[in-house]
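Here is the structure we will look at.
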Amino acid sequence: MDRRIHVEDLHDKSYVQPSFDGTMDMNKNDVKKVTKTLVTNGCVDYKRNIADKRTTGGWKASPFIIVNEVAERLAFFAVAVSMVSYLVFEMHQSLPDAATHVNDWIGAAYVLTLLGAFLADAYFGRFLTIIIFSCIYFVGMILLTLSASIDSLRPPQCTKTPCTPSTNAQTAFLYGALYLIALGTGGIKPCVSTFGADQFDDADSKESQKKYAFFNWFFFAINMGALLGITLLVYVQQEKGWTWGFAVPTVTMFASIVILIAGFTKYRYQKPMGSAFTRFVQVIVVSIRNHFRGVVLGNESELYEMKTKESDIFGARKLPHTKQYRFLDKAAVVTDPEIVTNNKWRLCTVTQVEEFKSFIRILPIWASTIALSISFAQLSTFFLTQANIMDRKLGPHFTIPAGSVPVFAALNGLLLVPIYEKIIVPYLRSKTGHKRGITSLQRIGVGLFISVFALASAALVERMRRSHSDPKSLSIFWLFPQFFLVGTAEVFSYVGQLEFFYDEATDGTRSISSALFLSEIGIGSWLSSAIVKIVESATGGVEEGWIRNNLNISKLDYFYWILTGINGVNLLVYLIVAWRYKGRNCEKGTIRDEFILIELDGQFKKENDTEEFHSMAS
């Protein structure tokens, strides 16, 4: 007998609730084996069978995803930390314009994650979306390499000022390459961390705990890629030129695709569940329509829900009703008991409404952490510009490339993640009783708190550098505190946000929730560009303002104090929002624990029911 169970069987009542037709051929041990080794989150293997924990997922699959992230981030950071210099010295742009263009490009890369998440959830699934957009990314890297290697694609070398500016065609070719990379990044980023988390079953207590370790090691992979990109590849750019500097990460990007495909047989795959955005709009439309029709909310029993075990969202579990945002419940009110329609533009299920509520709940947390991304934007712009005009000598024979200075932040991440995972978490767990030591929201708050001091440190160091009699003689290591503190803030906030946005998402909104978190990095970059433009125009422009082409006569420390103030106010707002935050169970906490209890309860009931059935049958 072929005992493989296909994903379509999840919707077959004979599997969910055993009957004589479906189980007479299976003995008691077979049923127990199936119950214990198959995942409960709807994932399938590459043969479209329900994924088996013994052969798929977990740390059997995660290393491929982590190594893929190292390779992809290496390519991205090698380009990101060098692009301001490339635009200034090769394309002959002014420093403020170059910084703005890089911020805009990074912003686009992360805001486009919303597109990648939509396509993954609605049409392609996470794995296929990663592969498709990785190929787009690879094409962009090839074009960028061509821009650096073909003389006609760049303006002539500058021998006297003013330098010959790049032509519109040259600029368009370069920007075309960069925005293909941005599009590729947008498709990849919301899916990789979520795809990795899919390899762990929340209903299995052991796998659930390993998932949080995965988030930490995933962040470790990001920093490892960044470390290699801003040291090894920046050194290649400095010693071998821009062509080699972009060609090597192009090869690395291709390697990342090969590495991900290599784990094809080990992965657990979530099938596309349709467009969550469409379901959100349906809830809004139906609730507004019913409101104007005079529909009044009554008992919870009057709300419409499917009678089957599964929800009407393919592959998604049912969600219990909550009392928050009750206006939206009007979308699930059955106005005519005699007529129940499958048209979701007329009547929504409780699960569909609760899915939208869960998305709305995380928006205040998302909005109150955007300012942190403004701080991160300085790592690839003004922090590097400061480094470029300081003493970067390390001994008599070696000069640290300016683009490699963010290694201070990357090394911080590499060192803190193992320490946090192996030492800090167990210690905090013994004090708080929380399985992760502190909650995701508390971890984000720690990151926001540290970011205030990071920008204050940057302002003080820049003030000292600018007032020094010989600024160029100051050691690059004076910048260590601001890089170290920004890196520390990122360790706490980034992983905390990964945990929070994944936990608070429902089955059908994992990718979108991850994309929402990543989009704030892009919005933070855009806000950084906007603040630069506002400060520049309000203080006298490029020639007389706070931010000029020559930092020695600029007042960049004033700009950093503005960012310090923004981060301080943002921290206060976040504390209020986080204190008032309630999870889906209307209590202050996350929804993950509730999901686990529901699933475990259901699993135990299924095992007991099966044992009772076999007792009667025998």
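Annotations
- Positive-end extreme of charge dipole, the chain - chosen from 235, 374, 181 (charges on Cβ): 235
- Spatial offset of the range 536-575 relative to the range 36-53 amounts to 53 Å, using the alpha carbon center of each.
- Here the range 331-450 is treated with +1 on each Lys and Arg Cβ and -1 on each Asp and Glu Cβ, and its dipole about the Cα centre works out to around 460 debye.
- Magnitude of the charge dipole, the chain, Cβ model with Lys/Arg +1 and Asp/Glu -1, debye to 20: 720
- The residues packed around residue 391, meaning those with a beta-carbon under 13 Å from its beta-carbon, carry a net charge of +3 if Lys and Arg are +1 and Asp and Glu are -1.
- Once the C-beta distance of residue 264 and residue 157 is scaled by a Förster radius of 51 Å, the resulting FRET efficiency is 0.60 to the nearest 0.05.
- Extension gain (nm, one decimal) between residue 142 and residue 281, 0.36 nm per residue minus Cα-Cα: 46.1 nm
- The range 140-220 - charge dipole about Cα centre, Lys and Arg +1 at Cβ, Asp and Glu -1, debye rounded to 20: 440
- Under 16 Å from a label point set 7 Å out along the Cα-to-Cβ vector of residue 346, the amide N atoms of the range 286-312 belong to 286-287, 289-290, 304-305.
- Considering only alpha-carbon pairs that sit under 8 angstrom and 6 or more positions apart, the relative contact order computed for the chain is 20 percent.
- Average accessible surface for the chain: 42 Å² per residue, computed with a 1.4 Å probe over protein heavy atoms with every protein chain in place.
- Positive end of the dipole of the range 204-328 (Cβ unit charges, origin at the Cα centre): among 270, 294, 245, the Cα lying farthest that way belongs to 294.
- Solvent-accessible surface (1.4 angstrom probe) belonging to residue 366, in square angstrom, nearest 10: 50
- Using a Förster distance of 56 Å, the FRET efficiency for residue 394-residue 336 (Cβ separation, nearest 0.05): 0.15
- 569, 234, ranked by accessible area, largest first (probe 1.4 Å): 569, 234
- Positive dipole terminus of the chain, leading residue within 220, 108, 43 (C-beta point charges): 220
- For residue 415, the solvent-accessible surface computed with a 1.4 Å probe is close to 110 Å², ligands and nucleic acids excluded.
- Per-residue [θ]222 nm for the chain (sum of -39500 (n - 2.57) over DSSP H runs n ≥ 4, rounded to 500): -21000 deg cm²/dmol
- Local electrostatic count, residue 344, Cβ distance below 14 Å [Lys/Arg +1, Asp/Glu -1]: 0
- Count Lys and Arg as plus one, Asp and Glu as minus one, and take only other residues whose Cβ is under 15 Å from that of residue 264; the net charge is then +4.
- Sorted on the mean count of surrounding Cβ atoms within 10 Å across their residues, most packed first, peptides 255-262, 92-99, 451-458 read 451-458, 92-99, 255-262.
The values are calculated or read from the model by the stated rules, or taken from the named source; none is laboratory data. Note that this is a predicted model, so its numbers are computed, not measured. Note that we place each Cβ from the backbone using ideal geometry, even for glycine, and neighbour counts take in every protein chain shown. Accessible surface areas use protein heavy atoms only, side chains included; no ligands, DNA or RNA. Shrake-Rupley method; radii C 1.70, N 1.55, O 1.52, S 1.80 Å.
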